[in-house]
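Enquirer: Below you'll find the structure I mean.
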Amino acid sequence: MEEQLMKTRKRKIVVWIVFAIYLALLIKVILLKYPMSMIKHILNSSEISSLSFRIAHSNFIPFKTILEYLSKSQNMRISVKNILGNIVAFAPFGFLLSLLIGRINKFKSIILSAFVLSLMFEIIQLLTAIGTFDVDDILLNLLGAVLGYLFYQIFMRFIKENKYYYTV
């Protein structure tokens with residue numbers, strides 16, 4: 001019994017470490033995607049550094065950017081990369097957080113956590129000019145977290161159905 005408890009704790013520690021590494025990579029990809037010299041230039045640019053300029057060039061209308069990518073895009077490869085990139089970036093979030101939390105309302109916790117993290121990223125981009133605020137990014141990130149959660153559900157069902165094979 002105690003041996004099983006130790007294995008469970010070790011697995012939990014490993015998942016926490018993987019989750020921390022994942023979050024660090026997410027921060028790198030979303031907030032630190034440009035070289036530091038370019039970020040310094042952006043922050044020093046008077047036109048871009050104006051908050052009113054950044055707000056005017058932000059998207060606060062749900063599905064506007066997604067529809068533009070799908071209907072008006074000159075380069076479908078870039079459109080698909082942007083849409084799928086946001087979804088794929090947050091799928092591990094939904095999966096890993098599902099492994100870490102044991103709440104009854106796990107789905108609500110995943111959605112709320114993904115929403116808060118994604119909103120924080122968008123607000124940081126808006127306030128610092130190292131990206132642009134787009135409500136569609138939040139929606140796509142939420143979709144990614146939901147898909148990660150669904151993959152977790154499938155994974156756990158598979159583990160439970162095949163438990164005999166993993167305990168031998």
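Enquirer: Criterion first (in contact (Cβ under 8 Å) with a residue 60 or more places away in the chain and out of contact with any strand residue (DSSP E or B) (no Cβ under 9 Å at 6 or more places or on another chain)) does LEU119 satisfy it?
Expert: It is false that LEU119 is in contact (Cβ under 8 Å) with a residue 60 or more places away in the chain and out of contact with any strand residue (DSSP E or B) (no Cβ under 9 Å at 6 or more places or on another chain).
Enquirer: Which of the residues that make up the range 21-35 are open to solvent by 90 Å² or more (accessible area, probe 1.4 Å) and without any contact (Cβ under 8 Å) to a residue 40 or more places away in the chain?
Expert: Of everything in the range 21-35, those that are open to solvent by 90 Å² or more (accessible area, probe 1.4 Å) and without any contact (Cβ under 8 Å) to a residue 40 or more places away in the chain turn out to be ILE21, LEU25, LYS28.
Enquirer: Can I ask one more? Kindly indicate whether ILE61 is of a type in the set (Val, Ile, Thr), open to solvent by 80 Å² or more (accessible area, probe 1.4 Å) and either touching a strand residue (DSSP E or B) at 6+ places or on another chain (Cβ under 7 Å) or at pLDDT 95 or above (or both).
Expert: Criteria met by ILE61.
Enquirer: Test GLU3 against the stated conditions and say whether it is open to solvent by 100 Å² or more (accessible area, probe 1.4 Å), at pLDDT below 70 and of a type in the set (Asp, Glu).
Expert: Considered against the rule, which asks whether it is open to solvent by 100 Å² or more (accessible area, probe 1.4 Å), at pLDDT below 70 and of a type in the set (Asp, Glu), GLU3 comes out as no.
Enquirer: Any residue in the range 69-76 that is of a type in the set (Phe, Trp, Tyr), part of a helix (DSSP H, G or I) and out of contact with any Gly (no Cβ under 8 Å at 6 or more places or on another chain)?
Expert: For the range 69-76, residues of a type in the set (Phe, Trp, Tyr), part of a helix (DSSP H, G or I) and out of contact with any Gly (no Cβ under 8 Å at 6 or more places or on another chain): present.
Enquirer: Still on this structure, please answer the following. Output yes when any residue across the range 31-50 is in a helix (DSSP H, G or I) and modelled with pLDDT of 90 or more, and no when none is.
Expert: Looking for residues that are in a helix (DSSP H, G or I) and modelled with pLDDT of 90 or more, one finds none in the range 31-50, hence no.
The values are calculated or read from the model by the stated rules, or taken from the named source; none is laboratory data. Everything numeric in this text was worked out from a predicted model, so none of it was measured. Virtual Cβ from ideal backbone geometry, glycine too; neighbours counted across all protein chains shown. Note: accessible area is taken over every heavy atom of the protein model, side chains too, but ligands, DNA and RNA are not part of it. Shrake-Rupley method; radii C 1.70, N 1.55, O 1.52, S 1.80 Å.
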